[in-house]
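Bear in mind these aren't lab numbers, they're just calculated from the coordinates by the rules spelled out. On a predicted model such as this, the values are computed, not experimentally measured, just so you know. Counting neighbours? That spans all protein chains shown, and the Cβs are built from the backbone with ideal geometry, glycine included.
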Amino acid sequence: MSERPDAPDRDTLLAMFEIQSRIKLCDERFRSMLTSGQIQLIYYSPRGQECISAGWGVHLRPDDYVVTIYRGLHDHLAKGVPLRELWAEFLGRATGTCKGKGGPMHITHPESGLMVTTGIVGSGIPIANGFGLAAQLNGTDQVTVVNFGDGASNIGAFHEGLNMAGVWKLPVVFVCQNNLYGEHTPMAMSTPVEYISERAASYGMPGVTVNGNDPVATWKVMGEAVARARAGEGPTLVEARTYRFHGHLMGDAMEYMDKDERKAAMEADPVPAFRAWLLDNGHATEEQLAELEETITAAIDDAVEFAMNSPYPDADELYTDVYADLTVSK
Amino acid sequence: MSQTDTDHPVLTLAMAVNQALDVAMGLDEKVFLLGEDIAEPSGGVYKVTKGLSTKYGTHRVRKTAISETAIIGAAVGAAIAGHRPVAEIMMFDFIATCLDQVTNHAGKIRYMSGGQTPVPLVIRTSAGAGRGFGAQHSELLEAWCVHTPGIKVVVPSTPADAKGLLLTAIFDDDPVLFIEQMMMYWDAKRYGGPVPPGDVRIPFGVADIKREGSDVTLVSYGRQVHDCLATAEKLAADGISCEVVDLRTLVPCDEATVLASVSKTKRAVVVHEAVTRCGFGAELSSRIHEELFGELAAPVQRVGGANTPIPYATNLESDFLPQVADIEAAVRRITG
Ligand SMILES: Cc1ncc(C[n+]2csc(CCOP(=O)(O)OP(=O)(O)O)c2C)c(N)n1
Ligand SMILES: [Mg+2]
């Protein structure tokens with residue numbers, strides 16, 4: 001694989017690889033611990049979609065906002081949610097990002113700018129507009145990136161959200177992570193257009209489809225969309241095409257997926273491919289990348305240990321945080 | 001009590017709401033409004049937001065597309081980001097199109113985030129039958145939101161309460177559903193009342209005894225408080241003394257005042273416009289029975305809307321609504 005004239009500088013390439021590896025290694029740990037029965041939770045693997053989050057991740061500042069969905073581990077990590085608190089929240093512990101009360105589908109970590117994770121398909125889109133509107137009203141140049149799936153582009157919230165963003169020229173990047181399936185339904189059975197990016201035309205914003213498994217191309221498209229939003233030029237719909245390696249959720253038998261299609265996608269795994277490309281083109285040495293991976297593995301070991309040894313929330317926590325100032329009981 | 005206030009100008013409910021919005025926007029730059037048709041020249045379909053876009057600019061009085069999910073979603077995000085949005089849902093029935101944003105998001109986000117991200121927004125909506133709008137523009141659906149932990153619910157009965165409670169709602173750190181019964185908007189004769197100027201707030205969770213009495217407690221909120229007062233007036237002539245408790249806020253609910261009143265009178269009738277079945281009155285009645293069963297002289301009576309969609313024909317619409325005659329009959333059933 002040859003050098004790319006459109007590639008970013010080495011630091012950016014390595015930053016993207018770092019994010020991708022963090023996601024991949026974290027996901028592998030979750031799946032192995034689930035399979036071995038060490039932990040139990042509903043788990044939506046983001047494996048295969050790493051390049052997309054890394055692609056916007058390196059363009060964002062800590063004060064930019066991100067909104068994502070139940071399949072959100074990759075987005076949480078790309079926005080810098082710390083591993084310990086993230087693992088603890090996934091395991092429902094008091095030390096988690098949300099004191100164990102949100103869980104994996106509702107990760108929130110405002111210090112990292114990870115503002116909302118929703119379990120309702122499409123619903124993060126209108127909320128992202130609110131973050132964009134806040135930035136616009138405050139006169140800051142903060143950008144909001146909202147992630148969702150191909151399936152979400154069929155629900156009303158998507159259309160209402162893009163319409164409002166188009167009318168108000170909100171600084172929001174709409175990232176459709178098109179993994180070709182919505183739960184058990186292939187895209188062609190639910191979506192009458194070939195490219196979800198075509199839908200942008202109705203809402204007065206640019207729509208771009210990019211190969212979401214190509215880190216350089218994704219980085220470039222995300223960079224343009226983020227820059228446009230930051231400059232006050234309005235929203236963009238980015239459709240990043242990818243593949244969902246492990247079905248809808250852990251335990252999915254995947255009868256509705258084509259075996260060969262999945263095999264081919266997994267053989268073209270974008271993370272090792274990017275790794276090989278970095279080495280082939282002299283952007284990094286084997287030792288360097290191996291060290292990076294070891295560091296991440298050690299950080300995951302630490303986070304797992306932290307989470308596993310953390311207490312469950314106190315019983316009183318059932319009743320707190322419902323309202324600012326009202327006492328609640330059974 | 002507003003009835004005794006003669007020092008302040010008499011306003012309609014719409015004018016009082018307008019004044020509260022004006023005061024709040026003047027006090028805090030983070031307050032902004034969004035909704036359909038709320039800007040000038042119309043200032044809202046009921047003219048409740050009249051003049052505000054001229055005074056504060058269309059960036060703070062934001063006219064939107066007909067897009068309830070986008071309106072509430074944007075309010076949720078902006079509220080988390082530190083603003084105090086006041087979103088308008090033109091009519092309560094339309095909330096069905098955006099209930100996901102209201103319940104799953106506005107209502108749950110504080111909790112799901114472990115308290116990290118409060119959602120200080122207000123959803124104002126106009127509601128109620130009596131104007132010939134038919135089944136889809138007339139409902140009172142407060143029970144939907146009372147049933148969702150995380151949302152506060154306010155239903156004012158007078159202009160002064162509307163202003164004071166709306167100011168509290170806007171500066172409250174939780175999502176608040178604020179219900180304005182449109183029959184009261186511009187009817188100064190029946191529903192007008194004196195309103196103190198400036199930033200006068202009424203705390204949530206404090207019921208107002210709108211009339212004192214000793215034989216039976218009428219518990220209500222919103223426009224039906226006026227029907228309860230009319231019933232009380234009528235029954236007084238027959239020697240039946242009614243106490244009228246106006247809840248003003250359903251979440252939080254001032255149960256202490258209700259229970260104190262009923263333990264004095266030993267009898268209660270709960271009254272609201274929403275359909276009776278699983279209405280807020282069912283909850284109230286149940287709470288009164290749970291706390292005062294042994295003391296009651298008679299079972300708590302419920303008076304609400306018929307368990308039907310709201311019909312168009314004037315006679316049927318009027319039959320749907322709880323009327324003074326229904327409240328009177330309920331009182332007579334238990335005072336015998
Ligand atoms: C409004 C709503 N309807 C249905 C569901 C159940 N559900 C959860 S994920 C999902 C598929 C969504 O597919 P897509 O948007 O492509 O995202 P992906 O899971 O592929 O990342 C469905 C139907 C839901 N959570 N919310
Ligand atoms: Mg999908």
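Under the convention that each Lys and Arg Cβ holds +1 and each Asp and Glu Cβ holds -1, the size of the dipole of the range B:10-194 around its Cα centre is about 300 debye. Net charge of the neighbourhood of A:Leu318, taken over other residues with C-beta under 13 Å away and scored Lys/Arg +1, Asp/Glu -1, is -1.
Neighbour counts of other C-beta atoms within 10 Å: give me B:Trp186, A:Trp277 arranged from fewest to most. It would help to have the intermediate numbers written out before the result.
On the way: B:Trp186 15, A:Trp277 21.
Final ranking by Cβ density, sparse to dense: B:Trp186, A:Trp277.
The ranking of A:Phe274, A:Phe174, A:Phe306, B:Phe320 by Cβ neighbour count inside 10 Å, starting from the fewest, reads A:Phe306, B:Phe320, A:Phe274, A:Phe174. Scalar couplings 3J(HN,Hα) for the range B:129-141, obtained by applying the Karplus form with A = 6.51, B = -1.76, C = 1.60 to θ = phi - 60°, are 8, x, 10, x, 8, x, 5, 9, 9, 9, 7, 10, 10 Hz; x denotes Gly and Pro.
Each Lys and Arg contributes +1 and each Asp and Glu -1, all at the Cβ; summed about the Cα centre of chain B, the dipole is approximately 300 debye.
Rounded to whole Å, the principal axis extents of the Cα atoms in the protein assembly as shown read 97, 55, 43, largest first.
Normalised by the number of residues in chain A, the mean separation of alpha-carbon contacts (under 8 Å, six or more apart) gives a relative contact order of 23 percent.
When Rg is the radius of gyration of the Cα atoms in the range A:29-89 and Rh is its Kirkwood radius, what does Rg/Rh come to? Before the final figure, lay out the partial values.
Numbers: Rg = 12.7 Å, Rh = 12.7 Å.
Across the range A:29-89, the Cα-based Rg/Rh ratio is 1.00.
Each semi-axis of the equivalent ellipsoid for the range B:208-335 is √(5λ) with λ an eigenvalue of the Cα gyration tensor; in descending order they amount to 22, 17, 13 Å. Computed over neighbours whose Cβ is under 14 Å from that of B:Ala78, the net charge equals +2, Lys and Arg +1, Asp and Glu -1. Taking all Cα-Cα distances within the range A:10-310, those exceeding 27 Å account for 38%.
Note down the net charge around B:Thr64, summing +1 for each Lys or Arg and -1 for each Asp or Glu among other residues with Cβ under 12 Å from its Cβ. Taking every Cβ under 12 Å from that of B:Thr64, the sum is -3.
Per-residue mean of other chain beta-carbon atoms within 10 angstrom of the beta-carbon, peptide B:60-66?
Numbers: counts 1, 0, 4, 1, 5, 6, 2.
Across B:60-66, the average partner-chain Cβ count within 10 Å equals 3.
Taking every full run of DSSP H in chain A, the ones that stretch at least 24 Å from end to end by Cα along their long axis and average 0.0 or higher on the Kyte-Doolittle scale are A:286-308.
Roughly how crowded by other chains is peptide A:18-28, in terms of the mean Cβ count from those chains within 10 Å of each of its Cβ atoms?
Mean shielding count: 0.
Over 27 Å between C-alpha atoms is what I'm after, so list which of B:Lys63/B:Lys152; A:Lys24/A:Lys79; B:Lys163/B:Lys234; B:Lys30/B:Lys55; B:Lys234/B:Lys264 land there. The pairs that break the limit, which is 27 Å between Cα atoms, are B:Lys163/B:Lys234. Simple rule: put +1 on each Lys or Arg Cβ and -1 on each Asp or Glu Cβ in the range B:10-194, find the dipole, and look at B:Tyr185, B:Gly77, B:Gln116; the Cα lying farthest toward the positive end is B:Tyr185. Spread over its residues, the convex hull of the C-alpha atoms of chain B is 127 Å³ per residue.
Panel order for B:Asp174, B:Asp246, by other beta carbons found within 10 Å of each beta carbon, from fewest to most: B:Asp174, B:Asp246.
Roughly how tilted is helix B:159-171, in degrees to the nearest 10 and between 0 and 90, from the longest Cα axis of chain B? Approximately 50 degrees, to the nearest 10. Per-residue shielding of B:80-88, expressed as the average number of other chain Cβ atoms within 10 Å of the residue Cβ, stands at 4. Rounded to the nearest 10 degrees, the angle from helix B:224-236 to the longest Cα principal axis of chain B is 20 degrees.
For the range A:90-149 and the range B:132-198, what is the separation of their Cα centres, given in Å? One Cα centre to the other: 30 Å. Between the C-alpha center of the range B:32-102 and that of the range A:1-75 there is a gap of 37 Å.
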